Amino acid sequence: MLRPPALIRRTQLRTLADEELMERVAQGDGPAFEVVFDRHGGPAFSLAYRMCGQRALAEDVVQEAFLSLWRKSGRFDQQRGSLRTFILQVVRNRAIDSFRARNSRESRDVADEGFTEQLAAPELTDVEAGRRAEARSVRAALLGLPEEQRRVIELAYFGGFTHLEIAERLALPPGTVKGRMRLALNKLRASLPELTDSVP
């Protein structure tokens, strides 16, 4: 059975390395960009969702990050790191920009409408204080892990890398990465009994 030319070309593009795909993207090659998105869109969304906590907002952040990559593909420099790392850094920056813009907008809205005194400040403050205390507990627990275990947790849950990608990045066997991850998660659960539901 003959396959359509477009499908054949897409299959061929999937065999290319990220650097080769980005060279084509810089020349305006849409199908090459689609392959880049297929390859890195999942981890990008995973990171955006962890940072934003809202699916719609995370989708917007990822869309803006990839639009930026399409428009300014020349900013990617393979000498400074992998395409995955570059994309995740763009996602982080977009998520932070989104937070700042939203906070600024909310502050203006409150000031303009004169509702400052009517806000339920104590409740919001309690929630925020709880979140900050929780974040401090998690950070302290992470710092209590051995360096090699903390590294794989950070790469997996804050960097969006898979076990195989972490193994490649750290030049370790995949089994070693999984073992370190399992040990680290067990220690985190033991250190954070009150946050058991939050720890992966």
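Every number in this text was worked out from the coordinates using simple rules, so none of it is lab data. Everything numeric in this text was worked out from a predicted model, so none of it was measured.
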Exercise. Quick one: length gained pulling Lys178 to Glu148 fully straight, 0.36 nm per residue minus the C-alpha distance?
Worked result: 9.6 nm
Exercise. Ordered by residue, what ³J(HN,Hα) values in Hz, to whole numbers, does the range 47-58 give under the Karplus form 6.51 cos²θ - 1.76 cosθ + 1.60, where θ = phi - 60° and Gly and Pro are x?
Worked result: 5, 4, 5, 5, 7, 8, x, 10, 4, 4, 5, 5
